[in-house]
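Okay, so here's the structure we're looking at.
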Amino acid sequence: MSAVIAPDPYLPQSGETSFGVASYDLELSYRVRTNRLEGVARLVAVAFEPLRAFNLDLVGLRATRVRVGANVRARFSQGPRKLRITPDDPIPAGESFAVEVAYAGVPAPRSSRWGAIGWEELADGALVAGQPSGAPTWFPCNDRLSDRATYRIAITTDGEYAAIGTGRPGPVTRSGGRVRAEFSTDVPTATYLAAVQIGRYRTREIAAPAATVTVSAPRSRDTEVARAFAAVPAMLGAFTAAFGPYPQDACALVVTEDELEIPLEAQGMAVFGVNHLAPAAQRLVAHEIAHQWFGNSVGLARWSDIWLNEGFACYAEWLWSEASGGPDAAELAAHHHARLAASPQDLVIADPGADRMFDDRVYKRGALALQALRGRLGDGAFFALVRDWATTHRHRLVTTDDFRAAAAAAGAGPLLAEWIDRPALPSLAR
């Protein structure tokens, strides 16, 4: 459940603060050829204030039936972004309530200031790119960053395809040329991190000491996939040593036959395009796996603090380079510092603004801030700080102020402020 009940200034129209969702149960049916999605979403929620009516986010799909509690039907209306639901009787503050929504349509990405996001039809399948507000393109939800819930997702699709969803895999059944797969997770999950991927995939397991790793990819890519993910067990071992135990109940890697601009992060899952199987893309594998600690376990209470996700994941790339015999973090930091020094000095990464929250400078300067802390504190104290951060806040929401307090307790509060609160790039001590 949410620890921060306030509209997010970066996405003020997403989600509602009047209630929180405890669980989603999604029963989905998808036809690949026609890109037709039908679903029934069952939510269990709690009212934070008296509710005469409430909204769910739903974009591009039409609700056909709504029920609240034991009611056969509830009144509802729908606009471009919201499904407005009016129960027969007001819901008192503090009361739990159930909502069931049947819906259908042709899912498509929604337009945003960051480009098209959400359910995306592939050449032969589909994927979900949820960050930051794509979830409503495939299920009705309270699309608020700080509103985490548990999930059960069942996907029925054409028999020649495989569906991979958020959570632990459950039963797979076949009937009438269709296949149904179930997934579930009790890990608190933000709506943008719930996902479904559909393609002509074969799933294999990779032996790894830190987690159960599955790789789902087209059969024709077996050799490339084996090479691209051969280092994943060692990568997980290095990150477990640095950050603490793997925090998710799944580690699913998915490779589409399509090329993707960037890999996609989801809870317990990372999705790569076929173009990311190249050896040069291994840093991206490290980046997405690191998000399982930073972003997916230690979660953001507000989007303005996204440097906490991306700075840590970027720094994990540098740590993996060190661990695997490549350039060390100091060398990589010096390289990226030089590049940032030649870029405009007009971004405060602790609050970059909605338009620039995915600016690469947020990622790299966040990583540089961590390298600066490491240089000041020394390896022992620095890695103790990082491990404590990841374990203390496991499956919890955080803000930059929380990390400020952690850095201050370690004796490096003013140094952190230089890196995250001012637009001018500080010097980087070697």
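The values are calculated or read from the model by the stated rules, or taken from the named source; none is laboratory data. As the structure is a prediction and not an experimental result, all values here were calculated from the model. When we count neighbours, we look across all protein chains shown, and the Cβ atoms used for this are built from the backbone with ideal geometry, even at glycine. Surface accessibility is based on the protein's heavy atoms, side chains included, excluding ligands, DNA and RNA. Shrake-Rupley method; radii C 1.70, N 1.55, O 1.52, S 1.80 Å.
Set side by side, the residues Asp351, Asp360, Asp421, Asp355 differ, and just one is free of Cβ contacts under 8 Å to residues at least 40 places away in the same chain and of a type outside the set (Phe, Trp, Tyr), which is Asp360. All of Ala98, Ala93, Ala104 fail the test of being surrounded by fewer than 18 Cβ atoms within 10 Å (Cβ to Cβ) and assigned to a loop (DSSP other than H, G, I, E, B), apart from Ala93. Is it the case, given these coordinates, that Arg65 is part of a loop (DSSP other than H, G, I, E, B) and modelled with pLDDT of 95 or more? No; evaluated as a whole, the condition is false for this residue. Counting the residues of segment 409-430 that are of a type outside the set (Asp, Glu) and open to solvent by 60 Å² or more (accessible area, probe 1.4 Å) gives 7.
Going by what's in this entry, would Leu377 be described as open to solvent by less than 40 Å² (accessible area, probe 1.4 Å), at pLDDT 95 or above and under 17 Å from Ala316 (Cα atoms)? Please lay out each step first, then the result.
Values: open to solvent by less than 40 Å² (accessible area, probe 1.4 Å): yes; at pLDDT 95 or above: yes; under 17 Å from Ala316 (Cα atoms): no.
Here the answer is no, as Leu377 does not meet what is asked.
When you scan segment 6-26, do you find a residue that is of a type in the set (Gly, Ala, Ser), touching a Lys or Arg at 6+ places or on another chain (Cβ under 6 Å) and touching a residue at least 12 places away in the same chain (Cβ under 8 Å), even just one? Among the residues of segment 6-26, at least one is of a type in the set (Gly, Ala, Ser), touching a Lys or Arg at 6+ places or on another chain (Cβ under 6 Å) and touching a residue at least 12 places away in the same chain (Cβ under 8 Å), which makes the answer yes.
Looking at segment 163-193, which of the residues that are among the charged types (D, E, K, R) and under 21 Å from the mean Cα position of the chain (by Cα) is surrounded by the most Cβ atoms within 10 Å (Cβ to Cβ)?
Quick first cut of segment 163-193, residues among the charged types (D, E, K, R) only: 168, 174, 178, 180, 182, 186.
If we keep only those that are under 21 Å from the mean Cα position of the chain (by Cα) too, we end up with 168, 182, 186.
Working: Arg168: 17, Glu182: 19, Asp186: 13.
Result: Glu182.
The single condition from (1) open to solvent by 10 Å² or more (accessible area, probe 1.4 Å); (2) over 10 Å from the mean Cα position of the chain (by Cα); (3) in contact (Cβ under 8 Å) with a residue 24 or more places away in the chain that Ile262 fails is (3).
Take the conditions (1) open to solvent by 60 Å² or more (accessible area, probe 1.4 Å); (2) in contact with a Phe, Trp or Tyr (Cβ under 8 Å, 6 or more places away or on another chain); (3) polar (S, T, N, Q); Thr400 misses just one of them, which is (1). Residues of segment 1-50 that are farther than 19 Å from Ser133 by Cα, small (Gly, Ala, Ser) and not in a strand (DSSP E or B): Ala3 alone.
Beta carbons closer than 6 Å, at least 6 apart along the sequence or on distinct chains, pair a first residue in segment 42-64 that is free of Cβ contacts under 8 Å to residues at least 60 places away in the same chain and open to solvent by 10 Å² or more (accessible area, probe 1.4 Å) with a second that is part of a strand (DSSP E or B) and small (Gly, Ala, Ser) for Val44/Ala22; Val44/Ser23; Val44/Ala98; Val46/Gly20; Val46/Ser96; Arg62/Gly105; Thr64/Ala102. If I filter segment 207-234 down to residues being open to solvent by less than 20 Å² (accessible area, probe 1.4 Å) and in a helix (DSSP H, G or I), which single residue comes out as farthest from Ala123 (Cα to Cα)? Once the filter is applied, the top-ranked residue is Val232.
Within segment 123-162, can you find the residues that are among the polar types (S, T, N, Q) and either under 30 Å from Met357 (Cα atoms) or under 16 Å from the mean Cα position of the chain (by Cα) (or both)?
Gln131, Ser133, Thr137, Asn142, Ser146, Thr150 - these are the residues of segment 123-162 that are among the polar types (S, T, N, Q) and either under 30 Å from Met357 (Cα atoms) or under 16 Å from the mean Cα position of the chain (by Cα) (or both).
Close contacts from segment 194-206, counting a first residue that is open to solvent by less than 60 Å² (accessible area, probe 1.4 Å) and a second that is outside any strand (DSSP E or B) and among the aromatic types (Phe, Trp, Tyr), with Cβ to Cβ under 6 Å and a gap of 6+ residues or different chains, come to Ile198/Tyr161.
Look at Glu160 and say whether it is in a loop (DSSP other than H, G, I, E, B), closer than 22 Å to Pro107 by Cα, touching a residue at least 24 places away in the same chain (Cβ under 8 Å) and open to solvent by 10 Å² or more (accessible area, probe 1.4 Å). Step through it out loud before you land on a result.
Values: in a loop (DSSP other than H, G, I, E, B): yes; closer than 22 Å to Pro107 by Cα: yes; touching a residue at least 24 places away in the same chain (Cβ under 8 Å): yes; open to solvent by 10 Å² or more (accessible area, probe 1.4 Å): yes.
Against the criterion (in a loop (DSSP other than H, G, I, E, B), closer than 22 Å to Pro107 by Cα, touching a residue at least 24 places away in the same chain (Cβ under 8 Å) and open to solvent by 10 Å² or more (accessible area, probe 1.4 Å)), Glu160 qualifies.
Out of contact with any Lys or Arg (no Cβ under 6 Å at 6 or more places or on another chain) and within 17 Å of Arg42 (Cα to Cα) - does that describe any residue in segment 117-125? Checked segment 117-125: no residue is out of contact with any Lys or Arg (no Cβ under 6 Å at 6 or more places or on another chain) and within 17 Å of Arg42 (Cα to Cα).
Quick grid of which residues meet (1) part of a helix (DSSP H, G or I); (2) of a type in the set (D, E, K, R); (3) free of Cβ contacts under 8 Å to residues at least 60 places away in the same chain; (4) buried (at least 24 other Cβ atoms within 10 Å of the Cβ):
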site	(1), (2), (3), (4)
Leu236	yes, no, yes, no
Tyr246	no, no, yes, no
Glu257	no, yes, no, no
Gln292	no, no, yes, yes
Ser304	yes, no, no, no
Gly325	no, no, yes, no
Ala334	yes, no, no, no
His337	yes, no, no, no
